[in-house]
Each structure stands twice: as structure tokens, then as C-alpha cells.
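J.: Take a look at this one; I'll ask things after.
No value in this document is a laboratory result; all are computed from the given coordinates. Here the structure is a predicted model, which is why all the values come from computation and not from measurement. When we count neighbours, we look across all protein chains shown, and the Cβ atoms used for this are built from the backbone with ideal geometry, even at glycine.
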Amino acid sequence: MISYPLAAFGQPLVRREGALPEPRGSEVLLRVFACGVCHSDLHMHDGYFDLGNGRRIDLAKGRELPLILGHEIAGEVVAYGSDAVGIAVGDRRVVYPWVGCGVCALCARGDEHQCARPQQLGVNVSGGFADHVLVPHPRYLFDYGSVSTSLAATYACSGLTAYSALRKVAPSDDAPRSLLLVGLGGVGLAAVSLVQAVGSFEIVGADVDDARLTVARECGVTETVNAQVPDAEKIVKRWTGGGVAAAVDFVGSERSASFAFNSLAVGGTLVVVGLFGGALNIPLPLLPLKQLSICGSYVGSLQEMSALMLLVRSGQVAALPVTERPLTEVQQSFDDLRAGRVVGRVVLRP
């Protein structure tokens with residue numbers, strides 16, 4: 001098996017060869033056809049999440065290196081254990097990577113992605129920056145229909161994350177709801193591709209990169225603003241008649257969250273998705289006085305993945321811009337993503 005594992009935090013990923021995993025029990029072995037590169041991979045590569053004010057979450061605890069990163073995985077079944085049912089060699093599937101322990105209360109209620117003892121592919125156990133990956137059970141495999149394999153891989157994280165966040169602010173009736181999408185990278189553009197399949201929204205897109213704003217307009221976003229221009233929040237409020245009903249921050253930085261929060265109308269909701277890092281400082285009286293809500297959204301459940309892939313197979317989801325690269329360019333792809341040189345999603349092909 002050829003892979004590009006993380007051998008030391010902050011150090012370049014280097015090619016390695018090893019034995020091909022042998023599936024046992026309910027396990028399924030996939031030949032990897034595509035694996036997306038996500039900002040979460042960069043945090044794993046760094047070894048921490050920035051909590052702001054000098055605080056961090058140390059990602060080195062509980063992880064044994066070398067570890068193969070990569071959680072947006074699609075490929076073909078090549079072997080499976082004696083207890084794996086409902087699949088066949090040759091099946092092409094996208095992998096739900098947010099695997100839990102399987103025995104805790106969170107896993108029992110269907111929230112494996114929130115498990116405190118996770119076994120997430122590319123995060124806690126070996127993932128998809130390789131030519132093969134071992135999946136613990138067939139229930140984590142989803143048919144992706146007629147869409148391209150590279151596009152299908154992105155639904156495991158960017159698509160699922162966007163879908164789950166949009167569901168949290170979807171209107172309960174047919175009346176359009178104003179929505180601000182902050183950060184039009186891979187996950188933000190995934191939200192653009194999904195938004196009309198989830199609910200009736202009037203969208204404003206925001207980013208600090210004019211190239212991404214251009215791509216968003218090409219994807220159907222009619223109102224876009226560079227969040228760095230003076231009085232960007234006032235521009236959004238002028239367009240929407242007093243602010244947006246909801247804002248989803250796909251960046252998760254101090255600046256992006258503040259911009260999104262300040263763009264809300266009375267009764268508005270801010271959903272924070274991105275993990276860039278930092279702290280949000282807000283005047284607390286505004287929460288009750290303006291009846292504002294703030295919540296977080298982390299990837300999505302297995303049930304949400306199933307619902308998303310049903311939309312994908314039915315043709316209701318527009319394509320996300322995808323750039324294919326060979327797996328040998330994994331480190332260059334990390335560097336480009338970190339430097340802001342990626343529009344849409346980079347997907348690696350072994």
C-alpha cells in the first residue's frame with residue numbers, strides 16, 4: 001500500500017509503502033479513487049486548534065503517529081470481512097468518515113460524529129491519502145450514483161458540513177429567508193450548490209478573496225461583498241432591509257464571526273462552522289435585546305449523510321468546483337490551501 005502519512009506534526013507528508021490491510025469481521029477494504037483536501041487536514045497537520053487568547057486544543061493527545069490523514073474519500077470495494085453484508089466487490093462508494101465508538105449514548109442516538117471516543121477516518125485512524133483505506137462497516141458506505149468520483153468524495157465533509165449547517169437555519173415554510181454565507185471556499189461553495197435543495201433562501205455571499213466571489217456569482221449567488229471593504233455589514237443590511245435572518249460562518253475566525261454577527265437582523269441566528277480559530281467578543285445585552293442566537297455545527301450525522309446522498313443521486317445538487325491532482329502532490333496541495341490559493345476543492349487521485 002502506498003500512502004502519505006503524517007509522521008510528525010508540522011512536517012511534510014512523505015511517501016511510504018507498507019502492507020495492504022486485510023479486512024476482518026465487518027470491515028471493508030476500498031481502493032481509493034479520490035480524496036479531498038480539507039482545512040481540517042491542515043489543523044491535524046499543525047497538531048492543534050486555536051481557541052484564541054493564547055489557548056489551544058492539543059491534537060497530539062490520543063493519536064499515534066504515523067497517521068494517514070484525509071477524510072473525503074471515494075473508491076471501489078476490493079475486499080471485505082466475513083461479517084460484512086450488503087456490498088460486493090466492484091461497488092463504488094463514498095465513505096462517511098465520522099465514525100464513533102458505537103457503544104456510547106451519543107452513538108446510540110445516531111450522533112456518532114459527536115462521540116467522545118471517535119474512530120474517525122483520517123482524524124483518529126488511517127484515512128484516504130493512500131491508495132487503499134479500511135472502513136469499519138458497510139453502513140458507512142454510500143452509493144453516489146452518476147456523479148464523478150472526485151465530486152462524490154467532497155460530500156463526505158464539505159457537502160455534509162454545509163448540508164447540516166443549512167438545515168439548522170432552513171425556513172419552516174415557503175417564504176424566502178435571507179441568508180449570509182461567510183467564506184466561499186470548499187465548504188462555502190458546497191453550501192451554494194446545496195442551498196436551494198434545502199430551503200427557500202435569498203443569499204448574500206461574503207469572502208475576502210475577489211476570485212472566490214467571482215466563482216460564487218458564476219454559481220448563482222447574485223449579491224456578493226468583500227468582507228474587508230469599509231462598512232461591509234452596513235452594505236449587507238442595506239441589501240436585506242435591516243440584516244439577514246441567518247448567517248453561516250464557514251471560516252470561524254474572529255473577523256469572520258464578528259462580521260457575520262454584526263450582519264444579523266433582529267431575531268437572527270449565527271451558525272459557526274469553520275475552525276480557523278480565535279475568540280468571539282460580543283456585547284452580551286445584544287443577545288436578549290435583539291433576540292439573537294449563536295450555535296455551532298460540526299460535520300453531520302450518518303442520517304444526514306444518507307439524506308444528502310439521496311439528494312445527490314436525484315440530481316438536485318449542483319456541482320462544486322473541483323480541481324483534480326495526483327496524490328503525489330498532497331504536500332503542495334496543503335501548502336496551496338494554507339496560502340489561500342485554492343478555489344473550490346482540491347481532490348487527490350492516487
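J.: Could you list the GluC sites (Glu not before Pro) in the range 234-338 that lie in coil according to DSSP, counting only those with at most 14 other Cβ atoms within 10 Å of their Cβ?
T.: Sites meeting the loop and neighbour criteria: none at all.
J.: Sticking with this structure for a sec: Compute for the range 159-296: radius of gyration divided by Kirkwood radius, i.e. Rg/Rh, restricted to C-alpha atoms, rounded to two decimals.
T.: 0.92
J.: Do any GluC sites (Glu not before Pro) in the range 1-94 lie in a loop, going by DSSP, with at most 12 other beta-carbon atoms within 10 Å of their beta carbon, and if so which? Before the final figure, lay out each step's value.
T.: On the way: sites: Glu17, Glu27, Glu64, Glu72, Glu76; in loops: Glu27, Glu64.
Loop-located and lightly packed - Glu64.
J.: Sticking with this one: So which residue, out of Pro66, Pro230, Pro171, gets the largest mean-square fluctuation from a GNM of the chain using Cα contacts under 10 Å as springs?
T.: Answer for the Gaussian network model of the chain: Pro230.
J.: Let me have the relative contact order for the range 159-296, percent, based on Cα pairs under 8 Å that are six or more residues apart.
T.: Rounded, it is 21 percent for the range 159-296.
J.: Within the chain, which is the longest segment that contains none of the chymotrypsin sites (Phe, Trp or Tyr not before Pro) sitting in a DSSP loop with at most 16 other Cβ atoms within 10 Å?
T.: Segment 10-297 is the longest.
J.: For the chain, what is the percent of antiparallel DSSP beta bridges, rounded to the nearest 5?
T.: Around 50 percent of the beta bridges assigned by DSSP in the chain are antiparallel ones.
J.: Would you calculate, for the chain, the mean residue ellipticity at 222 nm contributed by helices, counting each DSSP H stretch of 4 or more residues as -39,500 (n - 2.57) and dividing by all residues, to the nearest 500?
T.: Rounded to the nearest 500, it is -7500 deg cm²/dmol.
J.: How big is the Cα convex hull of the range 4-133 in projection, averaged over all directions, in nm²?
T.: Values: hull surface 36.0 nm².
Computing the convex hull of the Cα atoms and averaging its projections yields 9.0 nm².
J.: Projected onto the charge dipole of the chain (+1 at Lys/Arg Cβ, -1 at Asp/Glu Cβ, origin at the Cα centre), which of Ala7, Pro283, Gly183 gives the Cα projection farthest towards the positive end?
T.: Selected residue: Pro283.
J.: Taking the Cβ of His71 as the center, what net charge do the other residues with Cβ under 15 Å away carry, scoring Lys and Arg +1 and Asp and Glu -1?
T.: 0
J.: For the range 64-154, which trypsin sites (Lys or Arg not before Pro) are both in a DSSP coil and crowded by at most 15 other Cβ atoms within 10 Å?
T.: When the trypsin sites (Lys or Arg not before Pro) of the range 64-154 are filtered for loop state and at most 15 Cβ neighbours within 10 Å, Arg109 remain.
J.: Provide, in order from the shortest bin, the percent of all Cα-Cα pairs of the chain in each 10 Å bin, continuing until the bin that contains the maximum pair distance.
T.: 6, 25, 34, 24, 9, 2, 0
J.: Sticking with this structure for a sec: Explain nothing, just the number: relative contact order of the chain, from Cα pairs under 8 Å at least 6 residues apart, as a whole percent.
T.: Details: 813 pairs, mean separation 67.2, N = 350.
19 percent.
J.: Would you mind counting up the charge near Val251? Only other residues with Cβ under 12 Å from its Cβ, with Lys and Arg at +1 and Asp and Glu at -1.
T.: -2
J.: If you put +1 on each Lys and Arg Cβ and -1 on each Asp and Glu Cβ, how big is the dipole of the range 159-296 around its Cα centre, in Debye rounded to 20?
T.: With Lys and Arg at +1 and Asp and Glu at -1, about 260 debye.
J.: Would you compute, for the Cα atoms of the range 123-164, the largest minus smallest coordinate along each principal axis and list the three values in descending order, in whole Å?
T.: 24, 23, 21
J.: Could you give the dipole magnitude of the chain about its Cα centre, charging the beta-carbon of Lys and Arg +1 and that of Asp and Glu -1, in debye to the nearest 20? Spell out each step's value before the answer.
T.: Working: 29 positive and 33 negative charges, 73 e Å.
For this selection, approximately 360 debye.
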